[in-house]
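Trainee: Pasting a structure here, questions to come.
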Amino acid sequence: MYQIDQSFVMNYSFPVCFDRDTLAPESTVLTDIVSRAGVGPHRVLPVIDKNVLEAHPDLVERLQFYADVHNEVIELIEPPLIVRGGEISKSDPVEVDEFYQRTQTQNIDRHSFALVIGGGAVVDAIGYAAATAHRGIRLIRMPTTVLAQNDAGIGVKNAINYRGRKNYLGTFAAPFAVINDFDFLNTLPPRDRVSGIAEAIKVALIRDGEFFTWLHKNRSALADFSQQETEYMITRCAELHLNHIRSSGDPFEQGSARPLDFGHWCAHRLEEISASELRHGEAVAIGIALDSIYSFLKGMIELPTLNRIRETLEGVGFNLTHRALESLDIHKALEDFREHLGGKLCITLLTQAGAAIEVNEIDHKAMETCRQHLLEGVWPH
Ligand SMILES: NC(=O)c1ccc[n+]([C@@H]2O[C@H](COP(=O)([O-])OP(=O)(O)OC[C@H]3O[C@@H](n4cnc5c(N)ncnc54)[C@H](O)[C@@H]3O)[C@@H](O)[C@H]2O)c1
Ligand SMILES: [Zn+2]
């Protein structure tokens, strides 16, 4: 027997910037990022979420002007690729295919950039396309929703859906950089403003009790989308996600534990059952509620904690009763999640607001009771 034990270490690093008006000609956020690749000009293919473009009709013009002013750094590839916004961009292969075509017809190579501007779905789909074309094109993400800025757009995962199965195809691929420009959020429909707050409540509950207390206290301001509170919520949520990816020892999720997926085992199923009528964040909010009630029923958290979780979720604007819950097959959803994790079931539950544990078994009967509580809108009291 002859064996070579191959081993090497790759160092990943990328900036995640928080700012406003980043396409103003005087802003250097984007040029500083592109310049990290060395002396320019560098070819940049913009990919824009159609709904973002409709809400910001001068976006292409501003981008072109920005590139003209900074032509020693950026060579904009025209025209930009405009893709449909929302979950359809992940469920239908059209967007990914268009991206592949553009990379071929316009000679986008591994040293060129794709600059994706859009919601979490478009960022996910184009992230997947960019990670697979040429085995990886440099990707700069400019997420435009709360959820994409505080979670979906800042990490190392991307995915598309396959035959109705959420996130079935995907890769782990670090972006070149992320630019969270808060100005994009001004045009978000109210539903999408609220939706992304679920990920902040999630990560606060499992990681940071103080942040949870802050979210609870500021729930009305967040519901009103008050600028200062919203920006703090996004930044702190992003920090906690980035800390986890950096220091968990498992950035590419090779183990079974998936703490950041608190509330997600059923959220993905609820999104599927509702045919994506439920937003990801809305489904996560229901998932958080379900697993928090379960944590209470199992004696892991106190009633006042459960009450505060409900007050926070409902206070920021979530509706925790959805008919998709009626069709949720708890046994099958847990089984699918187990398979997704790679064999061993690992569900995150709460021991207090700010601390979590992993369990490997779920009492299906008790979980059924939790579902009834949610469906009836009557929580344990
Ligand atoms: N990769 C990850 O780690 C990760 C993590 C969490 C969620 N996700 C994925 O993110 C997706 C959800 O993302 P989302 O909540 O951003 O929803 P989304 O991308 O569907 O966006 C919601 C809607 O708002 C529109 N929109 C986006 N920005 C806008 C703006 N500034 N103004 C007006 N309209 C705008 C979009 O076109 C869409 O119609 C899901 O597919 C989910 O699976 C991925
Ligand atoms: Zn999520």
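The values are calculated or read from the model by the stated rules, or taken from the named source; none is laboratory data. Keep in mind that this is a model prediction, so the values were computed, not measured. Cβ coordinates were reconstructed from backbone atoms using ideal geometry, including for glycine residues, and neighbour counts include every protein chain displayed. For accessibility, only protein heavy atoms count, side chains too; no ligands or nucleic acids. Shrake-Rupley method; radii C 1.70, N 1.55, O 1.52, S 1.80 Å.
Trainee: Taking into account only those residues within the stretch 134-158 that are outside any helix (DSSP H, G or I) and near ligand 1 (Cβ under 6 Å from one of its atoms), which is surrounded by the fewest Cβ atoms within 10 Å (Cβ to Cβ)?
Mentor: For the stretch 134-158, the residue satisfying everything is Lys157.
Trainee: Next question, about the same structure. Would you be able to tell me the number of residues in the stretch 199-247 that are within 14 Å of ligand 1 (Cβ to nearest atom) and open to solvent by 10 Å² or more (accessible area, probe 1.4 Å)?
Mentor: Qualifying residue count for the region: 5.
Trainee: From the residues in the stretch 159-198 that are among the acidic types (Asp, Glu) and open to solvent by 10 Å² or more (accessible area, probe 1.4 Å), which one is nearest to ligand 2 (Cβ to nearest atom)?
Mentor: Asp192
Trainee: Exactly one condition in (1) of a type in the set (D, E, K, R); (2) open to solvent by less than 10 Å² (accessible area, probe 1.4 Å); (3) not in a helix (DSSP H, G or I) is false for Arg110; which is it?
Mentor: Going through the list (1) of a type in the set (D, E, K, R); (2) open to solvent by less than 10 Å² (accessible area, probe 1.4 Å); (3) not in a helix (DSSP H, G or I), Arg110 breaks only (2).
Trainee: Additional query: Filter the stretch 121-132 down to residues that are more than 7 Å from ligand 1 (Cβ to nearest atom) and open to solvent by 10 Å² or more (accessible area, probe 1.4 Å) and give me whichever is nearest to Asp336 (Cα to Cα).
Mentor: The residue in question is Tyr128.
Trainee: Within the stretch 279-305, work out how many residues are within 14 Å of ligand 2 (Cβ to nearest atom) and either at positive phi or modelled with pLDDT under 95 (or both).
Mentor: So the answer is 2.
Trainee: Moving to a separate point now. If I filter the stretch 256-282 down to residues being of a type in the set (Ser, Thr, Tyr) and more than 12 Å from ligand 1 (Cβ to nearest atom), which single residue comes out as surrounded by the most Cβ atoms within 10 Å (Cβ to Cβ)?
Mentor: Selected residue: Ser274.
Trainee: Assuming Gly209 fulfils every condition listed in (1) under 15 Å from the mean Cα position of the chain (by Cα); (2) over 21 Å from Arg165 (Cα atoms) apart from one, which condition is it?
Mentor: (1)
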